[in-house]
Amino acid sequence: MARRAAGRRLAILGAGHAHLDVIRRLRPLTHAGVEVTIVDQDDFWYSGLATGMLGGQYEVEHDRISVETLAKRVGARFIRDRITQVDPTARVVHLAGGKALSYDVASLDLGSGVPVDRVEGLGLNAFPAKPIRRLAKLRADLTRRVQPGNGRPPQPPRILVIGGGATACEIALNLRALADRLNAQAFITLVTSGDRLLNTFPESASQTITDLLHHRAITVRSRVAVDRVEPGEAVLSGGDRIGYDLVVAAIGLVAPPLIGRLGLPTSNEGRLLLDPFLRSIQEPTLFAGGDCATLDRTNLPRIGVVAVRQARVLAHNLRATFLGGRLRRYRPQRRWLQILNLGDGTGLACWGPFSFRGRAMLAWKDLLDRSFLNQFR
Ligand SMILES: Cc1cc2nc3c(=O)[nH]c(=O)nc-3n(C[C@H](O)[C@H](O)[C@H](O)COP(=O)(O)OP(=O)(O)OC[C@H]3O[C@@H](n4cnc5c(N)ncnc54)[C@H](O)[C@@H]3O)c2cc1C
């Protein structure tokens, strides 16, 4: 089998949550002579620590892993570049730097982005919640703004967070945590068009977060959409205007446009449709995982927990494809644990219809996140 694998080419496209463990487990393939190339435009940024990093609980460096180092360790080649197109028929990947990369089998993990084009001016003026590298920039920006300069005390910055899901609430709370750490004041407002915060979480979690935002002096305006974002001011449906110094977009996540250009079947949300073995339902030489793809019959949530679970199946199936053996089916979890970092030393753990808040929950999250990351350091 190993002889048959020698000289064949595997392209690992994107090094996100669904690929990190795949990369760590590449040794048997490179050992058998498979030429493995990993392409990503960035390092790996871990979403589990993202809001804690924003709030100053973790150093920025703690949230990222060097993909280049990981690749070297397993004998793979790493190219830091932006993928502009994948042609699954010709089996070629085009890169922004001008290179083209041919492959026999590829696996896609290009994640998701905030659909900033849905609101006029949002893309120009806001920090998107993703890529997570931008949250490190947001932290640096807020820190700079609250440093006194020229002997004058700075004006408290006005921060506007748009969105009402877990990411928006965690970001608002951790911006408050960062301001507190810096002994600074900040006016924080969260605007959501929904009528309940965390509307995909249990009712008890919504109530906890609503009370906490109030307690942390974060103004919440619900049932109102942001129509337009101008420099320094957001215009709400109904005409109200909110002035801001920093604006953050956490209005959900969508698949990258590149997925729509593959010419392969996608879901109505633009995610690549996969069979149970995590291959495109039309093109068996193209595997995928994470937010950019979903199962043909089950719409998967866009969360890191799903991507990390898929990594084990992807690693096995890529090995089986080159070295022989049966492909393994990916079976989505029916329930999953999510722990939100509330920025005040407590966490909110949600599992199915249950939610629990406390310091122990954050300590638990910290333990899970550290042990995940330690596998790759
Ligand atoms: C602030 C925030 C906090 C979150 N917290 C949690 C949490 O606590 N728990 C949880 O389960 N989920 C959380 N999520 C969701 C989680 O981030 C995603 O579900 C997860 O990142 C999906 O992983 P992925 O493998 O699909 O993509 P990602 O991990 O985003 O990786 C995609 C990779 O593809 C690369 N890439 C993309 N396009 C290109 C291109 N054209 N060329 C080259 N490289 C490219 C990127 O650089 C990136 O490395 C959070 C999301 C946000 C925004």
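The values are calculated or read from the model by the stated rules, or taken from the named source; none is laboratory data. The model shown is predicted, which means the values in this text are computed figures rather than measured ones. With ideal geometry, Cβ positions are generated from the backbone for all residues, glycine too; neighbour counts draw on all protein chains shown.
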Somewhere in segment 345-355, is a residue within 13 Å of the ligand (Cβ to nearest atom) and surrounded by fewer than 21 Cβ atoms within 10 Å (Cβ to Cβ)? yes
If LEU262 satisfies every condition in (1) closer than 23 Å to VAL305 by Cβ; (2) within 16 Å of the ligand (Cβ to nearest atom); (3) of a type outside the set (Val, Ile, Thr); (4) surrounded by 19 or more Cβ atoms within 10 Å (Cβ to Cβ) but one, which is the exception? (1)
Tabulated pairs, segment 245-262, first in contact (Cβ under 8 Å) with a residue 60 or more places away in the chain and in a loop (DSSP other than H, G, I, E, B), second within 10 Å of the ligand (Cβ to nearest atom) and of a type in the set (Asp, Glu), C-beta under 8 angstrom, 6+ apart or interchain: LEU253/ASP291; ALA255/ASP291
Candidates GLN310, GLN375, GLN282 - the one that is in the same structural domain as ARG64 (by TED's automatic domain parsing) and over 17 Å from the mean Cα position of the chain (by Cα): GLN282
VAL224 vs (1) outside any strand (DSSP E or B); (2) away from the ligand (no atom under 15 Å from the Cβ); (3) free of Cβ contacts under 8 Å to residues at least 40 places away in the same chain; (4) out of contact with any Leu (no Cβ under 8 Å at 6 or more places or on another chain): all pass except (4)
Where GLY238 falls short, out of the listed (1) of a type outside the set (D, E, K, R); (2) more than 19 Å from the chain's Cα centre (by Cα); (3) at pLDDT 95 or above: (3)
What residue, among those in segment 12-45 that are farther than 18 Å from GLY75 by Cα and buried (at least 24 other Cβ atoms within 10 Å of the Cβ), is nearest to the ligand (Cβ to nearest atom)? GLY16
Take segment 285-319 and flag every residue that is within 13 Å of the ligand (Cβ to nearest atom) and assigned to a loop (DSSP other than H, G, I, E, B). GLY289, LEU300, PRO301, ARG302, ILE303
Answer yes or no: is there a residue in segment 265-277 that is crowded, with 19+ Cβ neighbours inside 10 Å, within 27 Å of PHE201 (Cβ to Cβ), among the small types (Gly, Ala, Ser) and in contact with a helix residue (DSSP H, G or I) (Cβ under 7 Å, 6 or more places away or on another chain). no
What number of residues in segment 320-344 are more than 15 Å from the ligand (Cβ to nearest atom), farther than 30 Å from ASP104 by Cβ and modelled with pLDDT of 95 or more? 1
Find the helices (runs of 4 or more DSSP H) located wholly in segment 1-99 whose residues include 1 or more that are more than 22 Å from ASN374 (Cβ to Cβ) and out of contact with any helix residue (DSSP H, G or I) (no Cβ under 9 Å at 6 or more places or on another chain), and list them. 2-5, 27-31
